[in-house]
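Each remark here refers to the structure printed beneath this line.
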Amino acid sequence: MNNSNSSLEFLPTMFILIGIPGLEAEHVWMSIPFSLMYFIIFLGNGTIVHVIRTDAALHQPMYLFLAMLAMAEIGVSASTLPTVLGIFLLDTTEISFDACLLQMFSIHSFSIMESAILLAMSVDRFVAIYSPLRYTAILTLPRIFGTGAIIGLKSIMLMAPLPVLLRRLPFCGHNALSHSYCLHPNLIHLPCGDITINNIYGLFIVTSTFGLDSLLIVASYGLILYTVLNVAAGEERKKALSTCGSHVCAVLTYYIPMIGLSMVHRFGHHVSPLLHVMMSNAYLFFPPLVNPIVYSMKTKEIRRGIIRMISENRSRI
């Protein structure tokens, strides 16, 4: 039997997902906070997308990138929802092999999009501060939408080989996962064959997306600080930096949980499974949950748009 046929013989038909270790008896009660989080995520991000789409005054680079970020966060949450609520509400812990690969592809693709959009937003802030008079001339609508299309295409193309690489590996009966959804760092530990190529390609994706994006974001803010300190003074400095506050919060809420989860996956082989679950949930739930709240509170234009939308709906009633 050749290698490809033997690998197919060892492909699992199902993977076993888990909820929260030690709280299996409380899954129905745990479904309440998870359902509430999903409700806030979809309502908050959906509201931001709707307000930006319908308010012509918000058809500016900063807000269009924010709408892209909100859509990517909706995509991440929609990818995890079927298995998370399936476990906590219906006690459904099984997921087919192909469905697991599709969920993994979807979660990581939207996560890569989030990182790239955060980088685009940092460049947007630099252009706005460094050359405010040419801001709209540099960041035109075709360039913004072209950037969004490139980000989406790059994410899909980078992730496309991973399911193929996983399918070529024998799993030898190991099919129990550590989360309520399928993540590549978790899946890659299950095969009993040589995973060198998978590890190398996974490392390439991480360094060429999250690693490079984070370095360029730091460089962008270094240039922003340099520009503000050398050009602006007093109140102008404060006003210029205040426009970056929401974005800085978005960057921190995205990268801190991601770094924590990466550290746990890499070095936490002997730590409690509960820590793995909590870190993975923080990575996937915290940014889409917090970002709409932060942008609604710290960005007066978004806040005004939301108030206007609510007032219009009340007048119709």
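Check the cysteines of the chain one by one and keep only those with no other cysteine Cβ under 4.7 Å from their own. Result for the chain is Cys244, Cys249, no neighbouring Cys Cβ within the cutoff.
Do you know the relative contact order of the chain, to the nearest whole percent, from alpha carbon pairs under 8 angstrom that are 6+ apart? Display every interim value, and only then the final one.
Working: 345 pairs, mean separation 86.8, N = 317.
Relative contact order comes out at 27 percent.
Around the amide H of Glu94, modelled in the peptide plane, lie the amide H atoms of Leu17, all under 5 Å away and 5 or more residues distant in sequence or on another chain. Across segment 244-249, coupling constants 3J(HN,Hα) worked out from phi with the 6.51/-1.76/1.60 Karplus curve, θ = phi - 60°, read 9, x, 5, 5, 4, 4 Hz, and Gly and Pro carry x.
Rounded to the nearest 500, the helix-only mean residue ellipticity at 222 nm of the chain stands at -25000 deg cm²/dmol, with each DSSP H run of n ≥ 4 adding -39,500 (n - 2.57). Proximity of backbone amide H atoms, modeled 1.01 Å from N, is registered between Ala176 and Ile16 at under 5 Å, excluding neighbours fewer than 5 places apart on the same chain.
Rounded if a/c is under 1.5, else prolate if a/b is larger than b/c, else oblate: which is segment 166-216, with a ≥ b ≥ c the root eigenvalues of its Cα gyration tensor? Here segment 166-216 falls in the oblate category. The label point for Leu141 and the one for Leu90, both projected 7 Å from the Cα toward the Cβ, are 4.2 nm apart. Sorting 73-80, 189-196, 94-101, 300-307 by average packing, meaning the other beta carbons within 10 Å per residue, from highest down gives 73-80, 94-101, 300-307, 189-196. Pairs exceeding 24 Å between alpha-carbon atoms, taken from Lys239/Lys300; Lys238/Lys298; Lys154/Lys239; Lys239/Lys298: Lys154/Lys239. Mean projected area of the convex hull spanned by the Cα atoms of the chain, taken over all viewing directions: 19.3 nm². Specify the residue with the greatest mean-square fluctuation among Leu241, Leu229, Leu81, computed from a Gaussian network of the chain linking alpha-carbon atoms under 10 Å apart. The residue that fluctuates most here is Leu229.
Read-outs: derived from the displayed coordinates by stated rules, not from any lab. These numbers come from a predicted model, not from an experiment. Note: ideal-geometry Cβ built from the backbone for every residue, glycine included; neighbour counts use all protein chains shown.
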